[in-house]
Amino acid sequence: MSKSAVLNKMTGALAVTLVFVSFQAAAMAQDTKKEATVTANISEPQDKKPVATERPNAFSIEALGRAALYSFNYDRSVSESVGVGLGMSYWGASAGNIKASVLILPVYTNVYFSPHSSRGFLTGGLDLVFASAKVDDYAFSGSGALAVLGGGYEYRGDGGFLFRAAPYILVGSQVQIWGGLSFGFTN
């Protein structure tokens, strides 16, 4: 793939992410305006913690996403606007005298635009990839890393429900645009 094709893919993915983030920012501004009106009309306790610090641990399953097919992920909010996480995905296959397996460990940081339960975020990290194959009596193995960049939307419900949707850019020897949906819980 030529450098200009890679640059075009990255530019397109960045444009899609920026449009999504712009819409999310506009929606958050509307929510803030509505919340100000509600707060002025209804007296609520002011000591309610932001969702990230109230339930900082998130456990999720991501379809497609950072680890290509699926991953089990854990992340922890270290502040109202920053979370760090680790995931795991393993797949294996065999056909006749050929066996192969891949282990992917996503390591990432999320930066959130709001402390509210419905919020946009940017994410970045590495996918650590370990692969092995065996054909007859010959064994092969290797490892590497892919940079993963993206942005998306997260919803953390009051009951602990977690939903995320995110487009990603996976950067290795080639650039791949990908997406993922996560479902899980927070505590």
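Readers should treat all values here as calculations from the given coordinates under stated rules, not as data from a laboratory. Since the model is a prediction, treat every value here as computed from it, not as a measurement. Cβ placement follows ideal geometry from the backbone for every residue including glycine, while neighbour counts extend to all protein chains displayed.
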Where residues in the range 77-116 are under 16 Å from Ala166 (Cα atoms) and hydroxyl-bearing (Ser, Thr, Tyr), which of them is surrounded by the fewest Cβ atoms within 10 Å (Cβ to Cβ)? Thr109
Which pairs do you get when a residue that is over 20 Å from Ala52 (Cα atoms) and touching a residue at least 40 places away in the same chain (Cβ under 8 Å), found in the range 139-154, comes within reach of a residue that is charged (D, E, K, R) and part of a strand (DSSP E or B), reach meaning Cβ atoms under 7 angstrom, with the pair 6+ apart or on two chains? Val148/Asp127
Just to be sure, is Ala131 touching a strand residue (DSSP E or B) at 6+ places or on another chain (Cβ under 8 Å), in contact (Cβ under 8 Å) with a residue 24 or more places away in the chain, among the hydrophobic types (A, V, I, L, M, F, W, C) and more than 30 Å from Phe161 (Cβ to Cβ)? yes
Condition first: in a loop (DSSP other than H, G, I, E, B), under 21 Å from Asn57 (Cβ atoms) and free of Cβ contacts under 8 Å to residues at least 60 places away in the same chain. Now tell me which residues in the range 94-114 satisfy that. none
Contacts under 7 angstrom Cβ, first residue in the range 65-93 being closer than 22 Å to Ala131 by Cα, partner of a type outside the set (Asp, Glu) and in a helix (DSSP H, G or I), 6 or more apart: Ser71/Gly65; Gly87/Arg66; Gly87/Ala67; Ser89/Ala67
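So that you can scan it fast, the table gives a plain yes or no per residue for (1) surrounded by 15 or more Cβ atoms within 10 Å (Cβ to Cβ); (2) not acidic (Asp, Glu):
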position	(1), (2)
Phe130	no, yes
Asp137	no, no
Gly142	no, yes
Gly152	yes, yes
Tyr155	no, yes
Asp158	no, no
Leu162	yes, yes
